[in-house]
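Input: a single structure, listed below in structure tokens.
The values are calculated or read from the model by the stated rules, or taken from the named source; none is laboratory data. Here the structure is a predicted model, which means the values were calculated and not measured. FYI the Cβ positions are ideal-geometry reconstructions off the backbone, even for glycines, and counts take in every protein chain you see. The protein model used for the area step is the full one, side chains on, heavy atoms only, and it has no ligands, DNA or RNA in it. Shrake-Rupley method; radii C 1.70, N 1.55, O 1.52, S 1.80 Å.
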Amino acid sequence: MLTEKAAMYSTLGISKEVFAFGMKIEEELKERFAKIDEIAEYNQLKVIHAMQASKVSEACLYGTTGYGYNDLGRDTLEQVYATCFGTEDALVRPQIACGTHALATALSGNLRPGDELLSPVGKPYDTLEEVIGIRSSIGSLAEYGVTYRQVDLKEDGSFDYEGIKNAINKKTKMVTIQRSKGYQTRPTLSVTRIGELIAFIKNIKPDVICMVDNCYGEFVETIEPTNVGADLMVGSLIKNPGGGLAPAGGYIVGKKKYVENAAYRLLSPGLGKEVGATLGVNGSFYQGFFLAPTVTAAALKGAVFAANVYEKLGFAVVPNGTESRHDIIQAVTFGKPEGVIAFCQGIQAAAPVDSFVSPEPWDMPGYDSPVIMAAGAFVQGSSIELSADGPIKPPYAVYFQGGLTWQHAKFGILMSLQKLVDAGMVTL
């Protein structure tokens, strides 16, 4: 069987040396993978419980058109999300275009002129800079008179509690906490650490709204930020919770008042959650959420595998090969653009869709430098599917995530390594 498998990898362009290198590392990770499967099993049962408690029926799987009044599937799905994440309410809609849109909706729905937004975990993800107004943009929060403060993490990745305490003032209405690292090489925040930060902030100002950007974090642990005090939690359906089946969409869960405020911003004042046709996507949303725990586990195994492969080759990786995981993203620092480009071209070459095209850096909207993105996905831009991307700027790090199956994630990592070996940038 091993010979047959090696032969199939060879057919797909993986050399014997790269295959053997990967097999050795995989063998060392069996115990780690078993623990990931245990978390997936718990989360699978949690999702099933939420679906059963919400009385999901066959009628829920069909969509509506026009205004979308009385959409049973939409309303029940939002109950499923609220139950699963332990919140009062949820907004789960195909009208939310992406994670950035979901975050912008939650922010603008709950902030008013004169309010201040605080990020106690450093600079937010690149695309949020224009939403907030850190970089000037039409329609930013800054244009509406919302100010912004930021407290950077300390060099060791810990919270600057003194700096946070000094930054909170009478105008501080909302705090935004980004769980994942974004295009930074800082540690991802565990749910426990997020809970500690929220408790500290609430102790200073109890009425401040604490929002967590949970992108790439859902179902990685057995608890979520809403279980440790987050007032709002936001994410994208073409990441973990969509399970690779959701064709678009995003979610906002949390306290009823704040979710309703976001709904009025997304749709219209006076209408809110009552409208919004689902146009036949309900079935994909339900089935994707059902599959999300196991799909996330597959992506997590791929990230752990990637960390161990590239760490053994001498590259700086975040998290490292043995650290606990709190999102599905793996950062690998190459120190030069050629490494980032070769890695992404390897991921693209391993894709089921568009494997024959070669990604190149380009100027994408919302970013301040050229970005390369590899994603031969069934859903355009889906980063729960095998994908990799990174900005072409120092320290020249690539960010790998996704894989609907562990087997595909493994193949993608081996192909990325093959491209680096072929280019003479890595010697096994």
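Residues that are under 30 Å from F334 (Cα atoms) number at least 2 in the following helices (runs of 4 or more DSSP H) confined to segment 94-198: 99-110, 126-132.
Screening segment 78-88 for residues that are among the hydroxyl-bearing types (S, T, Y) and in a helix (DSSP H, G or I) and picking the one that is farthest from P293 (Cα to Cα) gives T83. The criterion of being in contact with a helix residue (DSSP H, G or I) (Cβ under 6 Å, 6 or more places away or on another chain) and more than 30 Å from T322 (Cβ to Cβ) holds for L72. For segment 159-192, give me each residue that is touching a residue at least 12 places away in the same chain (Cβ under 8 Å) and open to solvent by 60 Å² or more (accessible area, probe 1.4 Å). Residues satisfying the conditions are Y161, K165, K171, K173, T185, T192. Summed over segment 242-280, residues that are closer than 19 Å to V47 by Cα and out of contact with any Leu (no Cβ under 8 Å at 6 or more places or on another chain) total 1.
Can you find a residue in segment 368-381 that is open to solvent by 10 Å² or more (accessible area, probe 1.4 Å), more than 26 Å from F219 (Cβ to Cβ) and in contact (Cβ under 8 Å) with a residue 60 or more places away in the chain? Checked against the condition, which is being open to solvent by 10 Å² or more (accessible area, probe 1.4 Å), more than 26 Å from F219 (Cβ to Cβ) and in contact (Cβ under 8 Å) with a residue 60 or more places away in the chain, segment 368-381 yields at least one hit. The single condition among (1) open to solvent by less than 50 Å² (accessible area, probe 1.4 Å); (2) on the phi < 0 side of the Ramachandran plot that W362 does not satisfy is (1).
A count restricted to segment 362-377 and to residues that are within 19 Å of K336 (Cα to Cα) and of a type in the set (A, V, I, L, M, F, W, C) stands at 5. Within segment 34-77, being outside any helix (DSSP H, G or I), among the charged types (D, E, K, R) and surrounded by 15 or more Cβ atoms within 10 Å (Cβ to Cβ) holds for one residue alone: D71. Of all residues in segment 14-33, how many are within 17 Å of L2 (Cβ to Cβ), of a type in the set (D, E, K, R) and open to solvent by 50 Å² or more (accessible area, probe 1.4 Å)? So the count comes out to 6.
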